[in-house]
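Taking it in order: structure first as structure tokens, then the write-up.
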Amino acid sequence: MNHLDELESKSIYIIRETFKQFKNPALLWSIGKDSTVLLWLCKKAFYGKIPFPVVHIDTGYKFKEIYKFRDEYAKKWNLNLLISKNDKADKKEITPDKNKFECCNARKTESLKQTVKENDFDALIVGIRRDEHGIRNKERFFSPRDKEFNWYVSKKRKSTEKGDSPFVSMQDAEFDGWSIFATDFGYETNHVRVHPLLQWTELDIWKYIKKENIPTNKLYFSKNKKRYRSIGCETCCKPVKSNSKNVDEIISELKKSKTLERDGRDQDKEDEYNMQKLRSLGYM
Amino acid sequence: MKSYNKILIIGIDGMDPKIVKNLFSENKLPNFQKLSETGSFLKLNTSNPPNSPVAWTSIATGVNPGKHNIFDFIRRNPENYLPELSLSKNVGEKYESIVKSESFWKYTSKAGVPTTIIRWPVTFPAEKFDGKLLSGLGVPDIKGFLSGYSYYSESVETKRTQNNILKVIKENNLIKTELYGPKIRKGTDIIDIKERLEIKIIDNNSVKLKINNKNYSVKKNEWSDWIEVEFKVGLLKKVSGIFKIYLKDTNPFEMYATSIQIDPSNPILPISYPESYSKELAKDGLFYTLGIPEETAGVEDGIISESVFLEQINDIEEEKTKLFWKEFETFKKEKNGVYAFVYDSSDRIQHMFYGKDDNKEIKNYYMKKDEFIEQVLEQIDKNTLLLIVSDHGISSFKRAISINTWLVKNGFMTLTKELVENDDGVLFKNVDWSKTRAYSLGFNSIYINLKDREGKGIVEKKEQVVNEIIKKLENLTDNGKQIVKKVYKGDRIYSGDYAKDAPDLIIGFNPGFRMSWQSSIGGFTKEVITNNNKQWQGDHLIDPSFVPGVLFSNIKLNKTSANQPDILPTILDALNIKVTNDFDGMSLLK
């Protein structure tokens with residue numbers, strides 16, 4: 001098997017394992033390239049028809065091209081699409097121009113929480129990759145969350161029997177070579193995040209898109225010498241300089257690139273830290 | 001001329017001569033009044049602009065900003081136009097002072113006079129000299145910020161907001177939450193180090209806090225004692241912090257926590273010189289170390305009441321006065337010495353309560369200081385020169401002016417997108433520098449986008465742009481009122497090696513007007529003029545002629561007014577210390 005076949009095979013195994021081990025899983029689809037590849041893999045895993053809901057967290061600020069793509073392919077691929085939107089954020093006028101941090105929290109995190117609660121999902125299949133961001137490095141394929149959506153390495157047992165460790169591990173390492181994954185993490189688990197694309201790189205994604213001819217949002221391709229390398233809310237994404245007008249050109253651009261994929265994302269921590277520091281002067 | 005063995009300098013940040021005179025007429029400051037009759041009471045002309053870092057540094061160094069290098073609270077990096085705080089600068093993990101002139105304590109200690117300096121502004125990080133110093137304004141909290149409370153609440157919806165309001169859940173009268181501590185860099189990320197915090201509800205009026213396996217009992221409706229916390233930031237590295245909490249309610253649970261201060265008994269950063277000095281002071285009890293420890297943001301955000309804020313100020317004042325007397329005992333016993341001590345809660349009270357109830361809270365503060373001065377006067381001898389100084393006065397702040405928006409509307413600056421309400425273009429994100437001739441940053445400053453000086457400079461010769469801005473700004477009005485008294489040219493009012501880094505223009509606002517907060521950090525409001533609806537109704541960042549400070553002394557100074565750079569030559573003169581240096585002030589004893 002070549003590298004891409006190996007990646008595909010492992011991801012499909014994880015997706016099928018999820019369907020088998022959990023009662024009520026769902027797939028998160030942001031309509032970006034990664035989650036679209038993930039959706040493609042889910043289709044492949046179940047021979048064309050995905051047997052669980054596909055959830056789109058709609059912040060209300062996504063690019064119009066994202067909405068168009070979503071509606072077109074949801075129909076074409078016959079998805080059980082569930083759109084989740086936090087109306088409270090609109091009522092309270094929490095907007096990105098006022099406070100990006102609160103906006104993200106209300107429109108993404110809170111919205112997701114509501115959806116998980118309302119639909120009683122016990123597993124969420126998510127398209128994150130280890131190479132995206134430092135903080136995602138320590139993630140594992142199956143990763144438990146508590147009711148506050150926090151991740152803990154270990155938690156105290158409710159009751160212990162003699163000889164038992166007082167702690168239950170919330171994070172088991174998988175026996176990678178044998179494809180044995182822990183999926184049961186104890187009573188404090190609210191749901192489990194499943195990350196079938198964890199070992200993929202940005203370049204793998206684009207090579208796979210080429211190989212499988214997967215439809216991709218046109219925002220990724222160069223227009224006026226700029227393209228989006230990572231897409232999300234229109235208010236918080238910036239294009240990068242690029243002349244890549246098709247998948248082949250993106251692949252050769254990435255092979256030469258030294259910048260980070262999320263460099264165009266506006267949640268630049270350094271800026272945010274400096275802003276917080278200046279604001280803390282208190283001369284409001 | 002008589003010389004003195006000892007000099008006692010007491011700083012009272014923001015003490016205003018108008019309010020002092022008003023209280024004199026009501027006979028409410030008997031000791032200051034006595035001092036003004038037997039000694040002196042002068043207006044101390046403030047720096048331009050009249051803000052604390054500039055002013056206190058001018059007092060300490062005897063020179064103008066062109067020599068000491070502090071021009072505003074906020075300065076810019078000319079290469080990328082980004083705003084930075086002027087209080088100190090970060091070099092990697094370390095802090096460095098940007099003050100370029102020597103302060104009086106360097107001269108006096110070098111001359112062999114025992115010198116102790118407590119809480120003088122812009123002295124962080126504490127630098128090496130032959131005396132003892134505890135830093136003031138500029139000392140950060142353990143996150144590296146200048147303020148920042150936390151609020152733990154059962155009744156909020158969001159898990160955690162940007163200003164650290166955290167949702168907590170009570171289960172069997174137990175709350176498990178976290179304290180947010182130092183921020184550390186990991187690759188491109190900045191990560192919060194957290195420590196577990198457990199809160200057990202004992203009854204309706206008290207809780208028990210558990211941090212690092214230590215327990216603290218806390219009662220409702222009062223500020224707690226100091227709570228200590230240790231954060232593990234690395235394999236062997238720990239950061240110690242201290243904070244206080246105010247328990248508002250147990251059901252629903254509502255608890256306020258102050259900024260986590262650097263622990264003076266185990267300081268992670270150089271808040272004193274020698275390093276052991278803060279530890280020595282902390283032996284008699286922990287104390288607030290943050291440069292601006294007063295929780296103004298908590299009041300501004302409606303989370304703590306005015307009275308809770310005032311209780312905190314009382315607490316801070318008590319701690320400081322305890323420190324004052326501790327060091328005064330040593331000063332009193334010695335044959336010679338210099339002892340300087342700065343109080344600055346006065347400034348925060350003035351910002352928050354100016355114009356309210358006939359300035360009742362401000363007056364109360366001045367009256368308490370009068371009682372303190374009485375005790376001081378009783379204990380100093382005729383060989384001690386007493387100087388009581390303030391850096392500036394206070395005025396009102398009713399209308400906020402966005403100079404950056406004004407520059408856009410008047411064709412000096414071009415944006416890449418339309419001006420909108422609540423634009424997030426802070427840090428000049430949406431500025432087209434290739435079409436921008438001037439920009440504003442800080443509370444009074446304008447810089448010309450000069451070629452070969454600014455990163456993307458386009459202006460060849462600044463004089464014409466400078467004159468055009470002055471003419472237009474001095475004619476700017478709000479309902480018929482002139483907004484700006486005078487616009488000063490940096491190269492005219494400053495001189496010295498660092499004058500080249502000065503702003504090109506310094507705006508002297510008329511009373512009632514001040515730079516908008518957004519504009520000061522490179523942001524924009526849709527309109528040039530907006531109402532200031534905040535509790536923060538007092539300010540002094542206006543033309544210096546409106547907000548002089550005060551100078552009291554126990555000796556007759558045959559002057560009608562004095563300038564800030566006069567203080568240092570006066571101190572040296574009084575102690576008969578001769579130095580050859582190019583000071584901008586003159587001894588007031590001559």
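Nothing in this text is a laboratory measurement; each read-out follows from the coordinates by a stated rule. Only a predicted model underlies this, so the values are computations on that prediction, with no experimental measurement involved. Virtual Cβ from ideal backbone geometry, glycine too; neighbours counted across all protein chains shown.
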Charge dipole (chain B, unit charges on Cβ, about Cα centre) - positive-most of B:S109, B:P140, B:N532 | B:S109
Please list the non-local residues whose amide H lies under 5 Å from the amide H of B:G148, H modeled 1.01 Å from N, same-chain partners needing a gap of 5 or more.
-> B:S259
Once you have the Cα-Cα distance between B:R185 and B:S434, take 0.36 nm times their residue separation minus that, and quote the gain in nm to one decimal.
-> 86.3 nm
What percent antiparallel are the DSSP beta bridges of the protein assembly as shown, to the nearest 5?
-> 65
For the stretch A:232-258 versus the stretch A:1-80, the gap between their alpha-carbon centres in whole angstrom | 22
Quick one: work out the % antiparallel among DSSP beta bridges in chain A, nearest 5.
-> 50
Estimated distance in nm for a label pair at A:K91 and B:L235, the labels positioned 7 Å out from Cα along Cα-to-Cβ | 5.2
What is the gain in length, in nm to one decimal, between B:E157 and B:N479 on full extension, counting 0.36 nm per residue of separation less the C-alpha to C-alpha distance?
-> 111.7 nm
From the C-alpha gyration tensor of chain B, pull out the three semi-axes of the equivalent ellipsoid (sqrt of 5λ each), sorted largest to smallest, in whole Å.
-> 36, 34, 24
Find how many whole Å separate the alpha carbon centroid of the stretch B:60-136 from the alpha carbon centroid of the stretch B:214-272.
-> 28
Amide H contacts under 5 Å for A:L81, placed H, 5+ residues apart = A:V54
By how many nm would the segment from B:M367 to B:T580 grow when fully extended, if each residue of separation counts as 0.36 nm and the alpha-carbon distance is taken off?
-> 72.6 nm
Aspartates and glutamates with Cα under 14 Å of A:K23, excluding same-chain neighbours fewer than 8 positions away = A:D120, A:D122, A:D184
The FRET efficiency for A:K20 and A:N137, from their Cβ-Cβ distance with R0 = 35 Å and rounded to 0.05, is 0.80
At B:Q464 and B:K409, where each label point lies 7 Å from the Cα along Cα→Cβ, what is the point-to-point distance in nanometres?
-> 2.6
Residues whose modelled amide H sits under 5 Å from the amide H of B:V338, counting only those 5 or more places away in sequence or on another chain, are B:I7, B:T115, B:T116
For chain B, percent of DSSP beta bridges that are antiparallel (nearest 5) comes out at 70
Report, in debye and to the nearest 20, how large the dipole of the stretch B:397-544 comes out about its Cα centre when Lys and Arg carry +1 and Asp and Glu carry -1 on their Cβ.
-> 260
Directionally averaged projected area (convex hull, Cα atoms, the protein assembly as shown), nm² | 40.7
Given charges at beta-carbon only (K, R positive; D, E negative), |dipole| of the protein assembly as shown in Debye | 1880
Cα-based shape type of the stretch A:3-200, given that a ≥ b ≥ c are square roots of the gyration tensor eigenvalues and the cut on a/c is 1.5 = oblate
Any of B:K356/B:K409; B:K6/B:K283; B:K409/B:K500 with alpha carbons more than 32 Å apart? Name them for me.
-> B:K356/B:K409
Lys, Arg +1 and Asp, Glu -1 on Cβ, resulting dipole of chain B about Cα centre, debye, nearest 20 | 880
Counting other chain Cβ atoms within 10 Å of each Cβ in B:141-147 and taking the mean gives 4
Positive-end residue of B:F243, B:V218, B:F231, charge dipole of the stretch B:149-262 with Cβ unit charges | B:F231
Roughly how many Å is it from the Cα centre of the stretch B:30-45 to that of the stretch B:372-396, as a whole number?
-> 9
Three-way shape call for the stretch B:397-544 based on the alpha-carbon gyration tensor, with the a/c threshold at 1.5 | oblate
Neighbours of B:N444 by Cβ distance under 14 Å: Lys/Arg at +1, Asp/Glu at -1, summed charge +2
So if we plug the beta-carbon distance of B:K417 and A:L203 into 1/(1 + (r/R0)^6) with R0 = 41 Å, what FRET efficiency do we get, rounded to 0.05?
-> 0.75
Place +1 on the Cβ of every Lys and Arg and -1 on the Cβ of every Asp and Glu in the stretch B:397-544, take the dipole about the Cα centre, and give the residue among B:S495, B:F397, B:N479 whose Cα lies farthest towards its positive end.
-> B:N479
Using θ = phi - 60° and Karplus 6.51 cos²θ - 1.76 cosθ + 1.60, couplings along the stretch B:384-398 (whole Hz; Gly, Pro as x) | 9, 8, 9, 10, 10, 10, 10, 7, 6, x, 8, 8, 9, 9, 9
Under 13 Å from the B:K170 label point (7 Å along Cα→beta-carbon), backbone N, the stretch B:195-231 | B:199-208, B:220
Place the peptides B:78-87, B:562-571 in order of packing, highest mean first, counting for every residue the other Cβ atoms within 10 Å and averaging per peptide.
-> B:562-571, B:78-87
In this structure, the FRET efficiency calculated for B:D358 and B:E311 from their beta-carbon separation, with R0 = 22 Å, to the nearest 0.05, is 0.55
Quantify how strongly other chains surround peptide B:156-163 by giving the mean number of their Cβ atoms within 10 Å of each of its Cβ atoms.
-> 6
Sort the following peptides by mean Cβ neighbour count (other Cβ atoms within 10 Å, averaged over residues), highest first: B:6-13, B:190-197, B:23-30.
-> B:6-13, B:190-197, B:23-30
